[in-house]
Amino acid sequence: MPLVTSKEMFEKAYAGGYAIGAFNVNNMEIIQGITEAAKEVNAPLILQVSSGARKYANHTYLMKLVEAALIETDLPICVHLDHGDTFELCKSCIDGGFTSVMIDGSHHSYEDNVKLTKQVVEYAHAHGVTVEGELGRLAGIEDDVNVSSEDASYTNPDQVYDFVTRTGVDSLAIAIGTSHGAYKFKPGQKPQLRFDILEEVQKKLPGFPIVLHGASSVIPELVEIINNNGGKMPDAIGIPEEMLREAAKMAVCKINIDSDLRLAMTASIRKYMSEHPDHFDPRQYLKPARDSIKELVKNKLVNVLGCDGKA
Ligand code: G3H
Ligand code: 13P
Ligand code: ZN
């Protein structure tokens, strides 16, 4: 099966009350772990690449790894640019075979966000590629940009219709209290999402796919393994999985997960190295790391996103 855009995936997800998992990929083991999990439960997938991942692994290497996953799994897979910040970056990914891009103009003024997003949509649509825009600003770290919680802002539901119709985007990322990274809430703070904003957005844009970034749950068991094996991640707190399940039943059709993959891989490698201090063949510790990504992703697909059996 060739690579697909997000269009049909989102239509089915909206109608079926589930969400597609959008997992960040940086190397072969991560791609294998994610796609092997999806194959086992027959789930469609979005594999997303940040500009940092592209710098780390190189565009061509990542595309060829994704192509290998397509051959091995025969699943509907969409390759998506995560947090594109310029027209040039989006164009380069579109020209290089991505089937979907995000243009994240959320750091600009509203009018500049509209202008930049519209420019990307025009180029992308002319090349059969879907586009995700963003309104509202999440806290946390994306590439080198660190947005403090004071500078973060919820999406204003009164702007979404205007933004979507003027730009022509195919999906919209909104800010309802999720954030990037492993430290989403302060110690003692109760994790909360603004479902009222999501409901308002849904009313303003009936049938339109919404995206949640910063949706890792920061699995406590993984944090514990890291901390018990020489790591130091006190007070790492994420989004409870029940909340994501709720959002997936609503207009949220794409849920972004990166930090949980990082934790799964790091926990596995730390544990392995503590237990086998004399081992030095990377295959020995990367194999369990890949397996632990697979296990984590399978749980997300079945128990959180509800997209198993939907490929
Ligand atoms: O939203 C950011 C993603 O977790 C990607 O992170 O830019 O460090 O690759 P990265
Ligand atoms: P997490 O840091 O919560 O995994 O979010 C990832 C993300 O939103 C990628 O765009
Ligand atoms: Zn993000």
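The values are calculated or read from the model by the stated rules, or taken from the named source; none is laboratory data. Being a predicted model, the structure only gives us computed values, none of them experimental. Note: ideal-geometry Cβ built from the backbone for every residue, glycine included; neighbour counts use all protein chains shown. For the accessible areas, the whole protein counts, side chains as well, though only heavy atoms, and no ligand, DNA or RNA atoms are used. Shrake-Rupley method; radii C 1.70, N 1.55, O 1.52, S 1.80 Å.
Table for the structure above
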read-out	value
Options LEU70, LEU65: the member that is under 24 Å from GLU40 (Cβ atoms), assigned to a helix (DSSP H, G or I) and open to solvent by 40 Å² or more (accessible area, probe 1.4 Å)	LEU65
Residue within segment 46-59 that is more than 16 Å from ligand 1 (Cβ to nearest atom) and at pLDDT 95 or above present	no
Filter result (under 30 Å from TYR161 (Cα atoms), in contact (Cβ under 8 Å) with a residue 60 or more places away in the chain and within 16 Å of ligand 1 (Cβ to nearest atom)) within segment 218-243	ILE239
In segment 246-257, the residues that are touching a Gly at 6+ places or on another chain (Cβ under 9 Å) and not small (Gly, Ala, Ser)	LYS249, MET250, LYS254, ILE255, ASN256, ILE257
Within segment 148-242, helices (runs of 4 or more DSSP H) holding 1 or more residues that are open to solvent by less than 10 Å² (accessible area, probe 1.4 Å) and modelled with pLDDT under 95	none
Selection count, segment 269-311, where residues are part of a helix (DSSP H, G or I), open to solvent by 20 Å² or more (accessible area, probe 1.4 Å), among the small types (Gly, Ala, Ser) and within 22 Å of LEU47 (Cβ to Cβ)	1
Residue match in segment 107-124 (condition: open to solvent by 10 Å² or more (accessible area, probe 1.4 Å) and within 16 Å of ligand 1 (Cβ to nearest atom))	yes
Of residues in segment 10-26 being under 16 Å from the mean Cα position of the chain (by Cα) and more than 16 Å from ligand 2 (Cβ to nearest atom), the one nearest to CYS78 (Cα to Cα)	PHE10
Residue in segment 255-265 that is of a type outside the set (Phe, Trp, Tyr) and touching a Cys at 6+ places or on another chain (Cβ under 7 Å) present	no
Conditions (1) at positive phi; (2) open to solvent by less than 10 Å² (accessible area, probe 1.4 Å); number of the one not met by GLY97	(2)
Residue list for segment 248-258, filter: part of a helix (DSSP H, G or I) and surrounded by fewer than 24 Cβ atoms within 10 Å (Cβ to Cβ)	LYS249
Tally of residues being in contact with a Gly (Cβ under 9 Å, 6 or more places away or on another chain), away from ligand 3 (no atom under 16 Å from the Cβ), in a helix (DSSP H, G or I) and under 15 Å from ASP258 (Cα atoms) across segment 15-62	1
